[in-house]
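The values are calculated or read from the model by the stated rules, or taken from the named source; none is laboratory data. None of the values given here were measured: they were computed from a predicted structure. Don't worry about glycine lacking a Cβ; one is built from the backbone with ideal geometry, like all the others, and counts go over all protein chains shown. Just the protein is used for accessible areas: all its heavy atoms, side chains included, with ligands, DNA and RNA removed. Shrake-Rupley method; radii C 1.70, N 1.55, O 1.52, S 1.80 Å.
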There are 4 protein chains.
Amino acid sequence: MTHAEHRPAAWGRWGADDERGALNRLGPQAALRGIATVREGRSIPLAVPLRAGKGPIAGRRQPLQHFMVRDGGDYAAGLTEKGFGFADDCVVLSTHGNTHLDALAHVWQDHRMWNGHSADHVTSHGARRCAIDRVGPIVTRGILVDLAAPGGPSDHDGHAISLAELVAAVGATGCTPAAGDVLLVRTGWLARWRRGEATEALWAGLAPECAEWIDEQGFVLVGADNIAVEQGPSADPADTAPLHVELIRNRGIHLMELVDLEALAATGRAEFLLMIAPLPLVGGVGSPVNPVAVL
Amino acid sequence: MTHAEHRPAAWGRWGADDERGALNRLGPQAALRGIATVREGRSIPLAVPLRAGKGPIAGRRQPLQHFMVRDGGDYAAGLTEKGFGFADDCVVLSTHGNTHLDALAHVWQDHRMWNGHSADHVTSHGARRCAIDRVGPIVTRGILVDLAAPGGPSDHDGHAISLAELVAAVGATGCTPAAGDVLLVRTGWLARWRRGEATEALWAGLAPECAEWIDEQGFVLVGADNIAVEQGPSADPADTAPLHVELIRNRGIHLMELVDLEALAATGRAEFLLMIAPLPLVGGVGSPVNPVAVL
Amino acid sequence: MTHAEHRPAAWGRWGADDERGALNRLGPQAALRGIATVREGRSIPLAVPLRAGKGPIAGRRQPLQHFMVRDGGDYAAGLTEKGFGFADDCVVLSTHGNTHLDALAHVWQDHRMWNGHSADHVTSHGARRCAIDRVGPIVTRGILVDLAAPGGPSDHDGHAISLAELVAAVGATGCTPAAGDVLLVRTGWLARWRRGEATEALWAGLAPECAEWIDEQGFVLVGADNIAVEQGPSADPADTAPLHVELIRNRGIHLMELVDLEALAATGRAEFLLMIAPLPLVGGVGSPVNPVAVL
Amino acid sequence: MTHAEHRPAAWGRWGADDERGALNRLGPQAALRGIATVREGRSIPLAVPLRAGKGPIAGRRQPLQHFMVRDGGDYAAGLTEKGFGFADDCVVLSTHGNTHLDALAHVWQDHRMWNGHSADHVTSHGARRCAIDRVGPIVTRGILVDLAAPGGPSDHDGHAISLAELVAAVGATGCTPAAGDVLLVRTGWLARWRRGEATEALWAGLAPECAEWIDEQGFVLVGADNIAVEQGPSADPADTAPLHVELIRNRGIHLMELVDLEALAATGRAEFLLMIAPLPLVGGVGSPVNPVAVL
């Protein structure tokens, strides 16, 4: 897939200075649409538990470190005899190290990010454009497609989920996507990883050809239960993360990764209220998140 | 205020092994009740922006550190000539350093936490009981009381908000609290801090006498725009954090601190759908959060 | 090996409150003795290079993380047009993660450290007794024994170097140990690890029976090119680190690990001026070090 | 002071690819010269104790964080009943945050470092040229000048120590500097800081005019008991750190800062064996150090 020899059509769609991309499609109507799907009011968290030193985690990133700055042992050891005691902790956390939301500043091509912002805006001081604190809360309808059923298109890794497969799966939900929706894709990789049948070196994911349709449907964000939403590694070694480029960079559509969709998929529900609240890390290029689906 | 010479009445209320406390009151009905308050579908985030090296932050805790592991400068410096580029980051974060939710494992008295669990369960390895990953998503109705209007009970610091003041304020909302609700209290401290009129050494907050009523109303969590929900420093120097002990330890009611209630208070709305999704940090005693109010 | 059913003979040798152990044997005469061995004045560093994310590293410890807080890329990206530029960095470092010196507070048995100090002194706040900042600079004579020559007692892993083998090797140096000396032992593990022939799961090292003789010779510290100086894992699964207990805890003799002895051993020199300067980390239980041998 | 409109004369002196600068003057003879000064064999450490959360520390850098990963409290809290116990720790450390050695990669002017190496070599991945791991151990003669005596040129802050004052002070030692020596300068700032009479906002230090003479004398490194060796802030606001540029960048002479010279100065000794062993942090731009003076 070639990228960006031409100016992406979506650039400028929401103004020359825009930093939020397709989130501009997200408004109160999307929240109401999400709310309208709620039946019993049950909530399901979608974050993988954060365990110090454990994965899954993409290459090069460091596992979580969790330090107790004060704990019960201090008191057991006689630190103080007063009745009151407390514990405090601190983490060293890669923002992309667990269930997380990528900022639009996370990727670029030819040194230009979403909407043509220069990657020069991203330095040791953080991202001055398209950072994660531009996102704000996402409250909308989520649509889940579960492609990992046995015999389904994603019951193994090393497979790219084609546009046809994605369209069919969304169609099968009976939901008609609308501007502001979030698409969640269960590839099955996380479940296979937990069973020891998959590694962080190979995962099923969406093929780049899905990008245009995803955008046309009005999705503002795509999340998946794998490392990169798109297939990994990329089918084209010369094109590291084509779907990241097509969605994030060219269309301003956010990606959310390492999403735990097991419990949600087990409900059989395809649409639900979905709430994603990234931490407003000023200048950040990602945030850990614990998305919530309300059924 | 004396604590815990007797076994708190709430211990055992949800079983001898319970670790979630009053969150046991929280169920699908609470979410539906919250959803029922939604009118236009507008979302307001309640987290203070996370800025490296900046506060507000309670004593002894270290400000956020934000490191860019890869950035646009690497490419500007010729790290690679390939078109594709990405940025990654990492944080060193005190879980209680910004807008956050305390775990029930955060405090104890006489070496016993909520429900009598021993503080021995909280060591360098984290909390084996009552940790933040026991909380799960909180989706419910939120009730906001704004006590910081000029001339109101909390238009200055060094003041404890009395039970009478709190009851009156909740009454004035026209809302009748129900089991599962969350109470948000605007003390005005954060606004005063931003204007340079307050410091982390002194803040208005709830008086300990509010605890029983809060519990009786069925609130599962209390959040505030100050450092500790309760007044700080404590009126009794021999009793470091009496409301923490009464609510968290004795009643299993969670506390959420450094909540940015400015925009929410400006709406004039008293009740709304509220979603709080702590990161499932296994063994953690707190989590940064970005709560979302949907109006 | 049984430990500490009896009070170790060395406890109290330098006073009931002593925290420095056998370092009390170290004085100006030891430095002069070390200096007397210097011939040409050539220096050899003994630290393994510290590489972010790389080992070797003992289990459970996290590899180094190295963050650039400011770098040349910031300027290439146009952060500033001023002529002057600088770089700054920050590390997240396990003190025992690379070439390092253990503090006497690093280990205990039956909750008592060196000289009977209670392990209660070691809490989240650090070590109040026997911490690494008690050590100070070590300037003395070093004696190197290279047991890893082909066919030698340590040309493979999974082997404990016996007292007889150690005594013979020291004898073969022609040096007579004196009070204040440091003993360096080349087991060959690091070289084998670098060749991919060894892992952090198994390493040759000294047998616990060596402890008494080491103490009698007057050595103040033992260093080795492996993870624990002693054999690993311990020959007795019920006795995790017997030599640590016998040397550090019972005799106040420090241990230094992951020492790179390759270049030093290649010189064929057995004695040299040795300087070890741990960082004075107040309350720390270890320090990275870059020891220097001067020949 | 103008910088670098011309190619510095020292560039290329030790080859076009050199990364060690004036350290090339340092060899075995320097170590022997240092050793020759030793009289009684007494060692004095020159590092300021590293205390978590404490200074002194230069602006923008974060104080040390020290985390106990395992401690005695864990055992007091019943983590395990086995006899053996251990403690482990981890630090989050700014390499320039305490007594430290700057790498030659630490500063540049017009995007060129020492010997013309481009600052493009310094990215998020660290410094590919002139990093701290190029330094190696420094074992040489140290010459101390104490300018902070009452009435002396540096008994207050806000003062630049002139070339004339420096030359006179070195002359007064009776030592004739030789190629390979290290110059240590006591400005008195640290002592004043400890007494609460100085802050990190203003410190006495060397004037930039000292650079050429320092180089001509053959010094390989200059250390001082202040934040930057040179006066701070710079006398010329348009020239941030002129001595850094003249010494590090133009002449390849290393700087070492926040050196605790109090005990050494109290000996009255002007020359001594000096050992500085930076951690071989690959790609680092600084290292904490605990230099040792042997008298």
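Exactly one residue out of C:98, C:115 is over 30 Å from residue C:52 (Cα atoms) and buried (at least 24 other Cβ atoms within 10 Å of the Cβ), and it is C:115. With respect to residue D:178, is the statement that it is in a loop (DSSP other than H, G, I, E, B), over 19 Å from residue D:255 (Cβ atoms) and within 20 Å of the chain's Cα centre (by Cα) true? For residue D:178, the condition - in a loop (DSSP other than H, G, I, E, B), over 19 Å from residue D:255 (Cβ atoms) and within 20 Å of the chain's Cα centre (by Cα) - is met. Screening D:57, D:35, D:44 for residues that are of a type in the set (Val, Ile, Thr) and in a helix (DSSP H, G or I) leaves exactly one candidate, D:35. When residue A:69 is tested against (1) under 26 Å from the mean Cα position of the chain (by Cα); (2) within 13 Å of chain D (Cβ to nearest Cβ); (3) buried (at least 22 other Cβ atoms within 10 Å of the Cβ); (4) of a type in the set (A, V, I, L, M, F, W, C), only condition (1) is not met. The single condition among (1) more than 30 Å from residue B:39 (Cα to Cα); (2) open to solvent by less than 40 Å² (accessible area, probe 1.4 Å); (3) out of contact with any Pro (no Cβ under 9 Å at 6 or more places or on another chain) that residue A:204 does not satisfy is (3). Taken together, the residues in region B:153-164 that are part of a loop (DSSP other than H, G, I, E, B) and either under 23 Å from residue B:61 (Cβ atoms) or open to solvent by less than 50 Å² (accessible area, probe 1.4 Å) (or both) amount to 6.
Quick check: is even one residue across region B:12-27 at the interface with another protein chain (Cβ under 10 Å from one of its Cβ atoms) and not hydrophobic (A, V, I, L, M, F, W, C)? Checked region B:12-27: at least one residue is at the interface with another protein chain (Cβ under 10 Å from one of its Cβ atoms) and not hydrophobic (A, V, I, L, M, F, W, C). I'm trying to understand the selection: among the residues of region A:39-49, which are crowded, with 20+ Cβ neighbours inside 10 Å and within 18 Å of the chain's Cα centre (by Cα)? Those that are crowded, with 20+ Cβ neighbours inside 10 Å and within 18 Å of the chain's Cα centre (by Cα): A:44, A:45, A:46, A:47, A:48.
Take the conditions (1) more than 11 Å from the chain's Cα centre (by Cα); (2) open to solvent by 10 Å² or more (accessible area, probe 1.4 Å); (3) under 20 Å from residue D:61 (Cα atoms); residue D:212 misses just one of them, which is (3). Among the residues of region B:50-62, those that are more than 9 Å from chain A (Cβ to nearest Cβ) and under 18 Å from the mean Cα position of the chain (by Cα) comprise B:55, B:56, B:57, B:58, B:59. Using the structure shown, decide if residue C:119 is in the same structural domain as residue C:290 (by TED's automatic domain parsing) and at pLDDT 95 or above. Criteria met by residue C:119. In the set C:185, C:145, C:167, only one residue is surrounded by fewer than 19 Cβ atoms within 10 Å (Cβ to Cβ), within 21 Å of the chain's Cα centre (by Cα) and not in a loop (DSSP other than H, G, I, E, B); that residue is C:167. Condition check: within 30 Å of residue C:67 (Cβ to Cβ) and crowded, with 20+ Cβ neighbours inside 10 Å. Does residue A:25 satisfy that? No; evaluated as a whole, the condition is false for this residue.
Yes or no, residue by residue, for (1) more than 11 Å from chain B (Cβ to nearest Cβ); (2) over 18 Å from residue A:23 (Cβ atoms):
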| residue | (1), (2) |
| --- | --- |
| A:210 | yes, yes |
| A:216 | yes, no |
| A:225 | yes, yes |
| A:250 | yes, no |
| A:256 | yes, no |
| A:261 | yes, yes |
| A:268 | yes, yes |
| A:278 | no, no |
| A:295 | no, yes |
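Is one or more of the residues making up region A:94-114 within 14 Å of chain D (Cβ to nearest Cβ), in a strand (DSSP E or B), in contact with a Phe, Trp or Tyr (Cβ under 8 Å, 6 or more places away or on another chain) and farther than 26 Å from residue A:34 by Cβ? Within region A:94-114 (the criterion being within 14 Å of chain D (Cβ to nearest Cβ), in a strand (DSSP E or B), in contact with a Phe, Trp or Tyr (Cβ under 8 Å, 6 or more places away or on another chain) and farther than 26 Å from residue A:34 by Cβ), the answer is no, since none of the residues qualifies. In the set (1) at pLDDT below 95; (2) part of a strand (DSSP E or B), the condition left unmet by residue C:1 is number (2). Can you name every residue in region D:188-210 that is touching a Gly at 6+ places or on another chain (Cβ under 9 Å), among the aliphatic types (A, V, I, L, M) and either assigned to a strand (DSSP E or B) or within 18 Å of residue D:171 (Cα to Cα) (or both)? If the condition is that a residue be touching a Gly at 6+ places or on another chain (Cβ under 9 Å), among the aliphatic types (A, V, I, L, M) and either assigned to a strand (DSSP E or B) or within 18 Å of residue D:171 (Cα to Cα) (or both), then no residue fits. Among the residues of region A:169-208, the ones that are β-branched (Val, Ile, Thr) and within 15 Å of residue A:23 (Cα to Cα) come to 1 in all.
Taking (1) surrounded by 20 or more Cβ atoms within 10 Å (Cβ to Cβ); (2) more than 14 Å from chain B (Cβ to nearest Cβ); (3) small (Gly, Ala, Ser) in turn, residue C:36 satisfies each apart from (1). Taken over region D:17-65, the criterion of being within 30 Å of residue D:85 (Cβ to Cβ) and either out of contact with any Cys (no Cβ under 8 Å at 6 or more places or on another chain) or β-branched (Val, Ile, Thr) (or both) is satisfied by D:45, D:47, D:49, D:50, D:51, D:52, D:53, D:54, D:63, D:64.
Return yes when residue B:103 is buried (at least 24 other Cβ atoms within 10 Å of the Cβ) and not acidic (Asp, Glu) and no when it is not. Here the answer is yes, as residue B:103 does meet what is asked. A search for C-beta distances below 7 Å between a residue of region C:118-135 that is without any contact (Cβ under 8 Å) to a residue 60 or more places away in the chain and any residue that is part of a helix (DSSP H, G or I) and open to solvent by 10 Å² or more (accessible area, probe 1.4 Å), counting only pairs 6+ apart in sequence or on different chains, returns C:119/D:75; C:120/D:76. Of the residues B:223, B:218, B:232, B:284, the single one that is open to solvent by less than 10 Å² (accessible area, probe 1.4 Å) and modelled with pLDDT under 95 is B:232. Condition test on residue D:180, is it over 23 Å from residue D:203 (Cβ atoms) and either more than 14 Å from chain C (Cβ to nearest Cβ) or open to solvent by 30 Å² or more (accessible area, probe 1.4 Å) (or both)? Judged against the criteria, residue D:180 is not a match. Hey, does region C:77-92 have a residue that's facing another protein chain (nearest Cβ under 7 Å), assigned to a helix (DSSP H, G or I) and open to solvent by 10 Å² or more (accessible area, probe 1.4 Å)? No, region C:77-92 has no match at all.
In region B:267-288, the residues that are among the aromatic types (Phe, Trp, Tyr) reach residues that are assigned to a strand (DSSP E or B) with C-beta atoms within less than 8 angstrom, at least six apart or across chains, in these pairs: B:272/B:141; B:272/B:142; B:272/B:144; B:272/B:293; B:272/B:294.
Looking at residue D:31, is it open to solvent by 10 Å² or more (accessible area, probe 1.4 Å), small (Gly, Ala, Ser) and assigned by TED's automatic domain parsing to the domain that holds residue D:231?
no
Taking region C:196-246 as the range and being among the aliphatic types (A, V, I, L, M) and over 21 Å from residue C:260 (Cβ atoms) as the test, the residues that pass are C:207, C:211, C:214, C:235, C:238, C:241, C:245.
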